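K.L.:
Structure incoming, see below.
The values are calculated or read from the model by the stated rules, or taken from the named source; none is laboratory data. What you are looking at is a predicted structure, and each value in this text was computed from that prediction instead of being measured. Every residue, glycine as well, gets a Cβ built from its backbone with ideal geometry; the counts of neighbours run over all protein chains shown.
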Amino acid sequence: MRKAAAVAALLLVLPLGAAARKVAGVELPDSVTVEGKELRLNGAGIRKKLWIEVYVGALYLATPSSDANAILAADEPRRVRMVFRRDVDQKSIMGAFRDGFEANSGAEAAALVPQLDRIAPAIGDVKKGGEITVTYLPGTGAVVTGPKGTATVEGKAFADALFRNWLGRKPADDDLKRRMLGK
């Protein structure tokens with residue numbers, strides 16, 4: 001009985017928001033702060049190519065939602081964090097982004113794909129445990145941070161094309177999309 005009371009007392013003094021979600025051994029905080037704005041973890045999962053785990057992907061939003069179209073339409077900060085489960089070279093990452101643009105951005109893709117060259121230097125090759133974040137900031141555009149630095153591409157259209165890689169009609173991984181949407 002005393003042990004139960006001690007455990008209950010301990011639970012009362014622990015901060016409620018301290019717990020983070022763990023996906024495939026990767027700690028994902030419940031929230032991140034981007035330019036003074038709190039973004040909440042909307043959902044997270046594992047990006048797989050065939051049966052190979054490529055990265056843990058987490059979607060952070062200012063306004064949580066399970067509606068991909070509403071997320072893309074909103075002019076609010078958002079972020080995808082990718083923590084890689086294996087080494088992936090820059091060419092493969094950029095190829096996946098390019099494929100996503102072409103699969104999900106329709107006629108816009110032709111104008112947007114060349115802008116991918118602006119983020120490539122920040123990405124470089126990613127080693128196991130390495131991270132890439134893609135953040136949309138209203139009034140700024142897409143901010144991509146990788147092992148080699150940070151690159152910014154102005155405008156919402158490019159940012160939306162990047163986020164459609166995960167949330168579009170033809171995402172790279174349907175299960176990851178579903179999990180990022182909290183389903």
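K.L.:
Which members of the range 50-76 meet the condition of being within 23 Å of Val26 (Cα to Cα) and loosely packed, with under 13 Cβ neighbours inside 10 Å?
P.N.:
Of all residues in the range 50-76, those within 23 Å of Val26 (Cα to Cα) come to 50-62, 64-66.
Result: Leu50, Trp51, Ile52.
K.L.:
Another question, if that's okay. Just checking, how many residues over the range 160-172 are at pLDDT 95 or above and in a loop (DSSP other than H, G, I, E, B)? Quick ask: steps written out before the conclusion?
P.N.:
As a first pass, look at the range 160-172 and keep what is at pLDDT 95 or above: 160-171.
Now narrow it down to the ones that are in a loop (DSSP other than H, G, I, E, B): 168-171.
Number of matching residues: 4.
Table: residues versus (1) farther than 19 Å from Thr150 by Cβ; (2) among the hydrophobic types (A, V, I, L, M, F, W, C); (3) surrounded by 14 or more Cβ atoms within 10 Å (Cβ to Cβ).
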{"residue": "Ala96", "(1), (2), (3)": "yes, yes, yes"}
{"residue": "Glu102", "(1), (2), (3)": "yes, no, yes"}
{"residue": "Gly106", "(1), (2), (3)": "yes, no, no"}
{"residue": "Pro114", "(1), (2), (3)": "yes, no, no"}
{"residue": "Ala122", "(1), (2), (3)": "no, yes, yes"}
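K.L.:
Go through the residues of the range 77-86 one by one and say whether even a single one is in contact with a Pro (Cβ under 6 Å, 6 or more places away or on another chain) and either crowded, with 16+ Cβ neighbours inside 10 Å or within 18 Å of Ala151 (Cα to Cα) (or both). Walk me through it before giving the result.
P.N.:
Applying the first criterion (in contact with a Pro (Cβ under 6 Å, 6 or more places away or on another chain)) to the range 77-86 yields none.
No, there is no match, as no residue in the range 77-86 is in contact with a Pro (Cβ under 6 Å, 6 or more places away or on another chain) and either crowded, with 16+ Cβ neighbours inside 10 Å or within 18 Å of Ala151 (Cα to Cα) (or both).
K.L.:
Still on this structure: Given Leu39, Leu72, which one is at pLDDT 90 or above, within 17 Å of the chain's Cα centre (by Cα) and part of a helix (DSSP H, G or I)? Explain how you work it out, then say what you get.
P.N.:
On the way: Leu39 fails: part of a helix (DSSP H, G or I).
Result of the check over Leu39, Leu72: Leu72.
K.L.:
When only residues in the range 15-38 that are under 15 Å from Tyr136 (Cα atoms) and touching a Pro at 6+ places or on another chain (Cβ under 6 Å) count, which is surrounded by the most Cβ atoms within 10 Å (Cβ to Cβ)?
P.N.:
Here is the first cut: in the range 15-38, the residues under 15 Å from Tyr136 (Cα atoms) are 32-38.
Checking which are touching a Pro at 6+ places or on another chain (Cβ under 6 Å) leaves us with 34, 37.
On the way: Val34: 18, Lys37: 12.
Looking at residues that are under 15 Å from Tyr136 (Cα atoms) and touching a Pro at 6+ places or on another chain (Cβ under 6 Å), I get Val34.
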